[in-house]
1. What are the ³J(HN,Hα) values, in whole Hz, obtained from phi via the Karplus relation 6.51 cos²θ - 1.76 cosθ + 1.60 with θ = phi - 60°, for each residue of the range 211-224 in sequence order, with x given for Gly and Pro?
2. For residue 66, what accessible surface area do you get with a 1.4 Å probe? Give it in Å², rounded to 10.
3. Quick one: length gained pulling residue 197 to residue 180 fully straight, 0.36 nm per residue minus the C-alpha distance?
4. Which ³J(HN,Hα) values in Hz, rounded to whole numbers, follow from the phi angles of the range 162-174 under the Karplus curve 6.51 cos²θ - 1.76 cosθ + 1.60, where θ = phi - 60° and Gly and Pro get x?
5. Whole Å is fine, so just give me how far the alpha carbon centre of the range 228-264 lies from that of the range 93-131.
6. Sorted by mean Cβ packing within 10 Å, highest first, what order do the peptides 124-136, 67-79 take?
7. If R₀ is 30 angstrom, what is the calculated FRET efficiency for the pair residue 116 and residue 60, using the beta carbon separation as r and rounding to 0.05?
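The values are calculated or read from the model by the stated rules, or taken from the named source; none is laboratory data. Keep in mind that what you see is a predicted model, and the values were worked out from it rather than measured. With ideal geometry, Cβ positions are generated from the backbone for all residues, glycine too; neighbour counts draw on all protein chains shown. Surface areas here come from the heavy atoms of the whole protein model, side chains and all, with no ligands, DNA or RNA. Shrake-Rupley method; radii C 1.70, N 1.55, O 1.52, S 1.80 Å.
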Amino acid sequence: VSTQSTGVVLANVLGWLWFPENPDWQDFTLLSICMVVCFSNYLNEYLQFYPLQYSKFAPEGGVPARLGWFLIYFTPAVVYAATWYKLGAPSSSYDLLVLGLYVAHFCKRCFETTFVHKYSKDCLLVTVIEIALFYSLGAIVTAYNCHVMTGDRRFNFLDDTVRVRVGIAIYCFGQLTNLYHHYILANLRSPGSFRYVVPTGGLFGLVVCPQYLGELLSWLGFAIASYAYGAYLCYVPMIVYLCARAHHTHRWYSTKFDNYPGADTRKVWPYLY
């Protein structure tokens, strides 16, 4: 009986968080595409077939880093807003909340690019295009799914204020976690130095890439608050990609630094992975 009760509770929690009612064939089409993207992402980044070349894993590029990364994050914000407008600029409380959360994330990243991050090399043009296109595709899928495929759920989502508040709280916590650890990373080096340093402070003692943890939490919060399949399906490839990227970062630190203190540290999720 205890096991059955636990199963019922778990099913209710997962239903509350993950499974909006009445999925249709378009949801399952998105799911299929998502699984293909996830599998490709994982193999590509984990096994280093054709990893995205940026940060410490890239050669010197020809696009000023601050400009390149600003364009990477500015583009999906504009694409999402343009898609929302093209869909009729729906202005229910749900639509405005989802629009605000999505665009706010990329505005924050533009802010960090301009005022927080410190770069040691310029970007490759192909990397700027690749990442901007990837984010823009996610913006279109998420916008269409949230503002069209949610149907009547858009007009009564505030009936479950607990889910909305939990989603927004996780989103904000994730954004602050991401920002804080980006600040730590930006201040590791002494002025004028381009030498890589093993990060310390914050959650770096628990995971190799806590900035990724913050990003994943913020997107989880967005998905919970929006309660849309598209938000979750765009979230899953992000998990797969950043976990593989964190694995590569962990391996890079282990090979570049003798007696690397984080040899037994988890990559992204404390105590899990």
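1. Rounded to whole hertz, the list is 5, 5, 4, x, 5, 5, 5, 5, 6, 5, x, 4, 5, 5.
2. 100 Å²
3. Result: 4.4 nm gained on full extension.
4. So the J values, rounded to whole Hz, are 5, 4, 4, 5, 4, x, 5, 5, 5, 4, 5, 4, x.
5. Comparing the Cα centres of the range 228-264 and the range 93-131, I get a distance of 19 Å.
6. Top to bottom by mean Cβ count within 10 Å: 67-79, 124-136.
7. 0.85
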